[in-house]
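Just so you know, all these numbers are worked out from the coordinates, no wet-lab data involved. Note that the structure is a prediction, hence the values are computed from the model and not measured. Methodologically, a virtual Cβ is constructed for each residue, glycine included, from the backbone with ideal geometry; neighbour enumeration extends over all protein chains shown.
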Amino acid sequence: MHSLRVPSPSEHLHSLARRLSVHAPPGARARGLYSSFVSTARLGRSFAAAAEAAPREGEWELGGAGGLPAGLRRDAMPRHVAVIMDGNARWARRRGLPAAAGHVAGWGVGVLTVFAFSSENWVRPKTEVQLLMGLFERVIKTELENFMREGVKICLIGDSLKLPKSLQKVFVDAEEMTKNNSRLQLIVAVSYSGKYDIVQACKTIAHKVKDGHLELEDISEGLIERELETSCSEYPCPDLLIRTSGELRLSNFMLWQLAYAELFFVPALWPDFGKAEFIEALLSYQQRQRRYGSRIS
Amino acid sequence: MGNESSWSGSQCLSTLNNFFRKYLFRVLSCGAIPTHIAFIMDGNRRFAKKQNMVEGEGHRAGYKSLISMLNYCYELGVKYITVYAFSIENFKRKPEEVQYLMDLMVEKIDELLREGSIVNQYGMRLYFIGNLKLLSEEVRTAAEKAMKATAHNNRTVLLICVAYTSYDEIVHAVQESCEEKMNNIQAENTSKAGRNSTEQNGSCEKMNGVHPHEIQDCHKREVHGTVILGKNEICCNGFSKLEASEKKNGVIKRAVPGFNGEKWNEVQQSMQSQLSKGTIESGEDGETIQEIKPLLSKGTIESGEDGETIQEIKPLINLVDIEKHMYMAVAPDPDIVIRSSGETRLSNFLLWQTGYSPLYSPAALWPEIGLWHLVGVVLHYQRNYSYLQKKRKQS
């Protein structure tokens, strides 16, 4: 794992500060992650440039799942991997997603969740939000064929009523078209937040209590989990969460479901996160000892 | 003679250390200091194994490390500290280990309540956070005694999570919220017995549990979605995904006239606001209201008795209710979470409260955690401070 851990106490204070500052992507942190876009025009240009850039070496290839990379054990693969795609132009890497899904499906991962847009992101400038919505729509439409070829089933979670009508329709159509695919389930979290998910589940349960369908004593962890939006999946709780761009927080993503997930924070921005970095995350995951509170004696 | 000189030497060193630490904290205080730090105290057993100690001694060493860290934090100016002492999942450990930990807890609670302890030194209020009913009577009594004895303290706060998981906390909060609301409804129904709740006189008093003005209240409480009007009823959609169980050709009928004019204006205004937000639109005939998208059933809408109307039930609980009943409602959200021993997972600790808190995982085992780790934590917090404040305001 990248050394985002605190150095040993024997290091001098100034080298400690220097080491910590190296983790920040240069220039992108001056005003916080989401305020790093100077103007919408620059944002649009960066999206366009990243989208049209040629694939890097080691990029995911469509239809090229191949065998398990060296060092990884199939029996210890996480069943559900979640990714917070942090960094500029996150959705511009459109060519990566279906190919990546195909690869990880071949390695034994059953569910891949991507955090595309948080409910807190609605406060961003309107033009930026519109640009992102347009980008989502374009990506889903153009990549649908690839998703079908890779056997990916698409599911949307989040408060979809806030999305533009056209994007809602695109997602509904994509879900319908891919519903019989079974190689990998791709859960796309748009206009989603962990608290919103828990609150909507609790509201439903409260309603059932009020109606007399449930007793207060019947409210349990299992019941809440069944009412969460991730109940559309066989494995609702991620085993591994990857977050790019060096941010060491969950940002209100899948709070309930990530209770026991292994967290892997990467300094690289999302556009620079490729196959090699993903394999590194999986290697780190497989080396960890997961105890779930009890002891392994 | 030798002993005296070595004693004065160590005293001198200690004084120098204190002086250096005070100066260091003064420098750090030029920037923002976290108000609330949460610690996951991981690695006691591994420390014992590493030092060839008996397993239980690792927990004792962990306690010493905790006291040391509390001293540093409170001296620095941190007000709230939360520690993950014992998870509900930890009950699955060997019974001997669980019993040892419980005995240690009772012993240390007793120690904390004595004169001259850190509790008195920093005016510390103690909270034991978790499902205390799962603890043995001895431990529960000791915890309750400590909370009562320190209830008057207000300078600093120590929250000790015992028999705790976030899942349990949320379930408990939902149960309490439901119970409170059900009691309120029963009390309200009892007091309103015999009142006329029909629309015969055009009144728009509360009907079927919903006031028209609550539509606007709903908007304030993060309601998204449509305003649904049924025959003779005004309903408020408090959810983001709903399914109309009865509607004609996908269109919900407008309420019939006969309402009190003032209230009808309020409803009209709400509808206008919904129209401008784009969550509802006029149907082709300009009269009907059309939903934007098919709604999913959450059991929150049901047919009226005539089979034509749609009535919706106001949500029983919302986010504010749940937060009010959390065990951790006594403290603000943590500014930073630290897990020792290099593991990077939350293990069901403060999931609700740490959505935006930076996570920090030093490789050192908990008994090895010291001053420099705290300095690193504070520097890390100061680097993220403006971003954190922005996120807090947004949420």
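For this structure, a couple of remarks:
- Average 1/r across all pairs of distinct alpha carbons in segment B:1-143, invert it, and you get the Kirkwood radius: 17.8 Å.
- Between segment B:129-149 and segment B:338-367, the alpha-carbon center distance in angstrom: 25 Å
- Taking every Cα-Cα distance in segment A:120-169 and sorting them into 10 Å bins from zero, the calculated P(r) comes out as 21, 51, 23, 5 percent.
- Taken over segment B:314-354, the convex hull of the Cα atoms encloses 90 Å³ per residue.
- Rg/Rh for segment A:218-268, where both radii come from Cα atoms and Rh is the Kirkwood radius: 1.06
- Segment B:321-395: proportion of alpha-carbon pairs further apart than 17 angstrom, %: 52 percent
- Computed across segment B:68-135, the Kirkwood hydrodynamic radius from all distinct Cα-Cα pairs reaches 13.8 Å.
- Computed from the alpha carbon positions, the gyration tensor of segment B:1-71 leads to an equivalent ellipsoid with semi-axes of 28, 26, 8 Å, biggest first.
- Segment A:206-297 - convex hull of the alpha-carbon atoms, volume per residue in Å³: 151 Å³
- HN-Hα J in Hz across segment A:225-242 - Karplus 6.51, -1.76, 1.60, θ = phi - 60°, x for Gly and Pro: 4, 5, 8, 5, 5, 7, 5, 6, 10, 6, 10, x, 9, x, 8, 9, 10, 10
- If the convex hull is drawn through the Cα atoms of segment A:153-239, its volume per residue in Å³: 118 Å³
- Magnitude of the charge dipole, segment B:97-164, Cβ model with Lys/Arg +1 and Asp/Glu -1, debye to 20: 400 debye
- Sparse packing (at most 12 other Cβ atoms within 10 Å of the Cβ) combined with a DSSP loop state is found for the following GluC sites (Glu not before Pro) in segment A:192-231: A:Glu215.
- Net +/- balance of residues flanking B:Gly130 in space, Cβ distance below 15 Å, scoring K and R +1, D and E -1: -4
- Partner chain coverage, peptide B:339-348 - average Cβ within 10 angstrom: 6
- Listed values for segment B:99-105 are Karplus-derived 3J(HN,Hα) couplings in whole Hz (6.51 cos²θ - 1.76 cosθ + 1.60, θ = phi - 60°), namely 5, 4, 5, 5, 5, 4, 4, and x replaces Gly and Pro.
- Amide proton proximity set for B:Leu351, modelled H, under 5 Å, gap of 5+: B:Ser166
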